[in-house]
1. Of these, Thr19, Thr37, which one is more than 25 Å from Leu170 (Cβ to Cβ) and β-branched (Val, Ile, Thr)?
2. For Gln173, are the conditions met, namely being farther than 23 Å from Ala42 by Cα, assigned to a helix (DSSP H, G or I), out of contact with any helix residue (DSSP H, G or I) (no Cβ under 8 Å at 6 or more places or on another chain) and of a type in the set (S, T, N, Q)?
3. Of the residues that sit in the range 150-170 and are in a loop (DSSP other than H, G, I, E, B) and free of Cβ contacts under 8 Å to residues at least 60 places away in the same chain, which one is nearest to Leu2 (Cα to Cα)?
4. Please go through the range 170-222 and pick out each residue that is hydroxyl-bearing (Ser, Thr, Tyr) and over 28 Å from Ala71 (Cα atoms).
5. Counting only residues that are assigned to a loop (DSSP other than H, G, I, E, B) and under 17 Å from Ser158 (Cβ atoms), which one in the range 180-199 is nearest to the chain's Cα centre (by Cα)?
6. Checking Leu211 against (1) at pLDDT 85 or above; (2) over 30 Å from Asn6 (Cα atoms); (3) out of contact with any helix residue (DSSP H, G or I) (no Cβ under 8 Å at 6 or more places or on another chain): exactly one of these is not met. Which one?
7. Within the range 25-75, which residues are of a type in the set (D, E, K, R) and under 24 Å from Leu154 (Cβ atoms)?
8. Using beta carbons and a limit of 8 Å, which pairs, at least six apart or on different chains, have the first residue in the range 97-116 and modelled with pLDDT of 85 or more and the second one aromatic (Phe, Trp, Tyr)?
Amino acid sequence: MLKMRNINVRNVLMDLNLTINRNEFVLVVGDNGAGKTTLFNAISGNIKPESGSILIDDCDVTDMPQYERAAVVANVFQDPKIGTIAGMTIRENLNMAYMRGKKRALSISNSDERDKLYREKLQTLGMGLENRLNDYTGDLSGGQRQALSIIMSLITDSKILLLDEITAALDGQTSDRITKIINENIHQQKKTCLMITHNRTQIDKLGDRVLVLKNGRAQRLS
């Protein structure tokens with residue numbers, strides 16, 4: 001469960017109170033400048049609120065830095081270049097995600113068992129990436145790279161998944177495929193998910209409820 005109490009951030013979020021239940025899929029909407037990305041930055045630890053508290057499963061993470069909070073909060077951004085490294089192979093990017101939040105003493109060797117996991121996850125995309133583990137990520141199309149970012153977020157042990165306009169730059173067919181994969185996986189893995197979107201179809205079809213950010217506060221739409 002995610003709880004935000006009396007959060008104030010840079011005159012963007014003002015006395016914001018929000019509770020997201022465990023395993024809930026919430027769509028976040030609002031006008032440009034309403035504070036949607038600021039909200040995500042506060043949850044992930046990229047921004048520290050001037051006041052208020054943030055709790056994840058009743059653990060106060062308000063003062064926890066982003067690199068420590070990465071063990072429980074995973075992000076997927078609108079620009080896939082932010083979440084993936086072009087000069088690393090698909091396997092290396094997946095290894096990096098797999099190790100996020102784990103003890104560094106663990107090996108990141110390319111074991112057959114781990115490759116099997118990667119191929120199984122990538123196969124759900126229907127893009128043939130399961131056969132391209134040695135390819136450099138920089139050689140992928142934008143849609144393929146964003147799809148890889150999604151898989152990277154799903155193989156972590158994170159409790160909360162933040163999706164920031166992840167399909168905004170994709171064609172309709174790829175967008176539909178990725179949202180379907182997200183919807184199926186977050187329920188199978190019982191992850192808590194918040195997704196920023198302006199897509200009317202996604203608002204109508206996805207999520208357990210919709211939250212509107214307005215005047216620095218969250219309002220329940222449905």
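The values are calculated or read from the model by the stated rules, or taken from the named source; none is laboratory data. Worth saying up front: this structure is predicted, and the values here are computed from it rather than measured. Cβ placement follows ideal geometry from the backbone for every residue including glycine, while neighbour counts extend to all protein chains displayed.
1. Step by step, each of Thr19, Thr37 is checked, and only Thr19 is more than 25 Å from Leu170 (Cβ to Cβ) and β-branched (Val, Ile, Thr).
2. Details: farther than 23 Å from Ala42 by Cα: yes; assigned to a helix (DSSP H, G or I): yes; out of contact with any helix residue (DSSP H, G or I) (no Cβ under 8 Å at 6 or more places or on another chain): yes; of a type in the set (S, T, N, Q): yes.
For Gln173, the condition - farther than 23 Å from Ala42 by Cα, assigned to a helix (DSSP H, G or I), out of contact with any helix residue (DSSP H, G or I) (no Cβ under 8 Å at 6 or more places or on another chain) and of a type in the set (S, T, N, Q) - is met.
3. Here the residue is Thr167.
4. Thr174, Thr201, Ser222
5. The selected residue is Lys191.
6. Going through the list (1) at pLDDT 85 or above; (2) over 30 Å from Asn6 (Cα atoms); (3) out of contact with any helix residue (DSSP H, G or I) (no Cβ under 8 Å at 6 or more places or on another chain), Leu211 breaks only (2).
7. Kept after step one, since they are of a type in the set (D, E, K, R), are these residues of the range 25-75: 31, 36, 48, 50, 57-58, 60, 63, 68-69.
Those that are of a type in the set (D, E, K, R) and under 24 Å from Leu154 (Cβ atoms): Lys36, Asp57, Glu68, Arg69.
8. Correct list of pairs: Arg114/Tyr98.
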